[in-house]
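Computed from the coordinates by the stated procedures, all read-outs in this text should not be read as laboratory data. Small disclaimer: the values here were computed from a predicted structure and weren't measured. Positions of Cβ are backbone-derived with ideal geometry, glycine not excepted, and every protein chain shown enters the neighbour counts.
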Amino acid sequence: MKSIRIGNAGGYWGDDPDALKNQVLGGELDFITIDYLAEITMSIMNKQKLRDPDLGYAKDFIKHLDPVFEEVVRRGIKIITNAGGVNPVSLAKELNSLAESKGLKGVKIAVVEGDNILDSIDELSEKGIDFSNMETGEAYDLIKGKVLSANLYFGAAPVVEALRQGADIVITGRVTDTGITLAPMIYSFNWDTKDYDKLAAGIVAGHILECGAQSTGGNFTDWEKVPSFDKIGYPIAEVYEDGTFVVTKHHSLDGMVTVDTVREQLVYEMGDPKNYITPDVIADFSTIKLEDAGENRVKVSGVKGYPPTDLLKVSISYQDGYKASGAIIISAPDARKKAEKFAEIFWKRVGIDYEDKLTEFVGLNACHRHLAHLDEANEILLRFGVRDHDKSKFERFRRKLPALILSGPSAVAVTGGAPQVQNVVSYWPALVPQDISAWKVIVFKNGEKVFEKEGKWEETGGTVREVKDETNFDGAKFEGVEVKKAKLIEIALGRSGDKGDTCNIGLIARSDLAWEFIGYKITAGFVKKLFGDIVKGEVERFEVKNLNAFNFLLHNALGGGGTRSLRIDAQGKTLAHALLNQYIEIPVNVLESVK
């Protein structure tokens with residue numbers, strides 16, 4: 001059966017600069033995907049473009065490609081990346097200059113445009129397009145005039161067209177993280193765009209690959225089982241024409257691929273597992289089958305898919321005031337007591353009310369807050385943060401912080417001077433009809449345009465399915481049995497991620513019996529009560545029995561999320577482990593079942 005090998009070489013702007021080189025030199029690959037974009041990244045790139053019309057893309061891509069460009073061309077590896085940001089044509093021109101400097105002739109570089117609707121969003125709104133916040137329901141008028149970026153999430157279609165035109169490198173703007181992985185499958189196997197099961201399998205492969213080393217041992221709960229992180233291998237999907245695939249990595253590189261590392265990545269940034277919505281297909285993660293297929297090899301099969309909706313998600317960022325944060329270090333003896341006194345002194349001296357303010361005791365409980373078990377620390381990084389729309393309020397905060405050093409309790413270490421005031425860029429997601437924009441593919445060869453095509457999205461009329469969890473967790477089997485007080489991590493793995501102000505926690509049971517116990521014990525209400533004031537909204541729980549997992553959505557849990565939050569863990573990456581670190585009474589037979 002025909003197969004292709006797709007490797008990933010980056011999960012965000014700032015990922016390992018050696019990942020592309022290691023993937024290229026580590027073994028055979030047909031395609032490499034690299035993800036540089038997050039929701040807020042587009043606003044950063046738009047600011048760059050406003051300062052210089054030739055900027056607005058991830059310049060790091062050029063640095064990453066430079067050492068292996070000749071090898072990529074010689075071996076015919078096709079690279080697909082969203083590094084184009086808000087200016088993919090400028091990146092294509094720079095790539096062409098790099099090719100010329102290396103004597104590489106005939107390299108075809110394609111760009112995908114059309115996702116950027118910043119210049120037309122107000123006009124579209126006036127024509128009746130509803131850009132209301134899809135999470136809060138707030139009207140677009142609240143942010144009109146403050147918008148910094150607005151990008152539609154495109155699917156795989158324009159990337160497929162670029163590949164069909166012989167592109168060696170495809171540079172996109174805001175194509176979905178999963179779409180850049182699905183596209184080479186559609187292209188290579190000529191999949192029908194209504195073969196939803198195969199498309200869904202491609203989306204699952206993309207989700208496993210999109211965050212780089214997170215599926216090959218990075219951020220793994222059982223991190224001590226990973227033989228080495230020194231030269232970690234990034235994930236590879238060996239994809240077959242029937243939609244099955246194997247997750248692996250280059251044998252020469254470090255890290256680890258197991259059913260557990262793949263399961264953890266699958267529950268990362270997941271919403272409703274039965275409705276993983278993309279512009280290409282709705283994938284049902286509850287149908288995924290994972291099998292150990294040998295050392296560092298996990299087979300994935302059985303994925304079901306359904307027609308996508310006729311809507312596209314829009315990622316909008318907007319100017320939302322200012323924030324500042326600063327810190328001093330407090331050391332023992334009595335570090336906590338002194339830190340609490342310093343905080344009291346500081347806020348009294350500042351004497352100003354802010355829209356939001358925060359005190360964090362880093363080293364004691366900053367990440368896990370009241371869920372932490374420490375009562376004392378040898379030293380504490382005492383961190384203060386404020387956020388407000390009135391910039392004039394920040395000068396007093398800035399000047400009063402360094403003044404603490406010599407005018408409070410003893411044993412303070414200096415970390416810097418007055419804090420800097422930062423612009424707050426907030427995230428606003430919306431859903432709009434696909435037909436408000438067409439995608440465009442342009443192909444350049446030796447710097448000359450050789451192809452250009454616009455395309456419309458195919459109407460499907462798909463809908464989000466209402467599928468209810470039906471498992472009846474029988475608590476009777478866990479009542480009146482011998483129990484032991486132990487941390488939840490003894491029977492579960494965990495991974496958490498963010499979407500705006502919502503944090504998801506994927507909790508994966510280490511055995512079937514542990515899954516039943518977690519289903520009975522760790523309810524949405526249990527999690528809501530445990531996290532207390534950290535979670536301002538509701539908690540939802542979804543079952544993912546095929547992965548022996550549960551997915552919890554913690555709404556309004558990240559202090560505004562992204563760049564708006566004052567927290568040191570603004571994206572909730574540590575919250576899964578705050579849950580895993582809690583002591584609960586666990587039946588002895590459940591503990592024995594995971595050994």
Checklist outcome for this item: Ranked on Cβ counts within 10 Å of their own Cβ, fewest leading, Phe444, Phe473, Phe517 go Phe473, Phe444, Phe517
Next on the checklist: Straight-line reach from Lys348: which aspartates and glutamates fall under 14 Å, measuring Cα to Cα and dropping same-chain residues less than 8 apart?
Outcome noted: Glu340
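Can you flag which of Lys249/Lys573; Lys357/Lys536; Lys78/Lys105; Lys194/Lys449 are past 22 Å Cα-Cα? Spell out each step's value before the answer.
On the way: Lys249/Lys573 24 Å; Lys357/Lys536 16 Å; Lys78/Lys105 16 Å; Lys194/Lys449 32 Å.
Exceeds cut-off: Lys249/Lys573; Lys194/Lys449.
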Next on the checklist: Projecting each Cα onto the charge dipole of the chain (Lys/Arg +1, Asp/Glu -1 at the beta carbon, about the Cα centre), which of Ser593, Met270, Gly321 comes out farthest on the positive side?
Outcome noted: Gly321
Checklist outcome for this item: Over its alpha-carbon atoms, segment 456-510 yields an Rg and a Dmax in Å of 19.1, 62
Item to check | Of Lys289/Lys484; Lys337/Lys400; Lys47/Lys274, those spanning more than 31 Å from alpha-carbon to alpha-carbon | outcome: Lys289/Lys484; Lys47/Lys274
Checklist outcome for this item: Looking only at aspartates and glutamates whose Cα falls under 17 Å of Lys127's and that sit 8 or more positions away or on another chain, we get Asp119, Asp141, Asp435
Next on the checklist: Run the reach check for Lys198 against aspartates and glutamates, Cα to Cα strictly under 13 Å, same-chain hits fewer than 8 apart removed. What comes back?
Outcome noted: Glu241, Asp242, Asp280, Asp284
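If you place +1 on the Cβ of every Lys and Arg and -1 on the Cβ of every Asp and Glu, how big does the dipole about the Cα centre of the chain come out, in debye to the nearest 20?
Values: 73 positive and 87 negative charges, 324 e Å.
It comes to approximately 1560 debye.
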Checklist outcome for this item: Residues whose modelled amide H sits under 5 Å from the amide H of Val483, counting only those 5 or more places away in sequence or on another chain, are Val588
Checklist entry - Shape call for segment 322-416 from the C-alpha gyration tensor, a ≥ b ≥ c root eigenvalues: rounded (a/c under 1.5), prolate (a/b greater than b/c) or oblate? => result oblate
Checklist outcome for this item: Simple SL model, points at 7 angstrom along Cα→Cβ for Ala438 and Ser120; separation in nm is 1.0
Checklist outcome for this item: Per the charge dipole of segment 475-593 (beta-carbon charges, Lys/Arg positive, Asp/Glu negative, Cα centre), the residue among Thr502, Leu553, Phe517 reaching farthest to the positive end is Thr502
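Taking 56 Å as R0, compute the FRET efficiency from the Cβ-Cβ separation of Lys595 and Val464 and round it to 0.05. Numbers along the way, then the final one.
Details: r = 40 Å, r/R0 = 0.72.
E(calc), rounded to 0.05, equals 0.90.
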Checklist outcome for this item: Low-density loop trypsin sites (Lys or Arg not before Pro), segment 112-173, at most 16 other Cβ within 10 Å, DSSP non-H/G/I/E/B, are Lys127, Lys144, Lys146
Next on the checklist: What is the sum of charges, Lys and Arg at +1 and Asp and Glu at -1, for the other residues whose Cβ falls under 15 Å from the Cβ of Val450?
Outcome noted: +4
Next on the checklist: What does the charge count around Tyr268 come to, taking other residues whose C-beta lies under 14 Å from its C-beta (Lys +1, Arg +1, Asp -1, Glu -1)?
Outcome noted: -3
Item to check | Farthest positive-ward along the chain dipole, Cα basis, beta-carbon charges - from Gly243, Gly166, Phe342 | outcome: Phe342
Item to check | At R0 = 25 Å, FRET efficiency that the Cβ-Cβ distance of Lys536 and Ile405 yields, to 0.05 | outcome: 0.15
Item to check | Distance between segment 241-300 and segment 148-210 - C-alpha centres, whole angstrom | outcome: 17
Next on the checklist: Take Ala476 and Val588, extend 7 Å from each Cα along the Cα→Cβ direction, and tell me the distance between the two endpoints in nm.
Outcome noted: 2.3
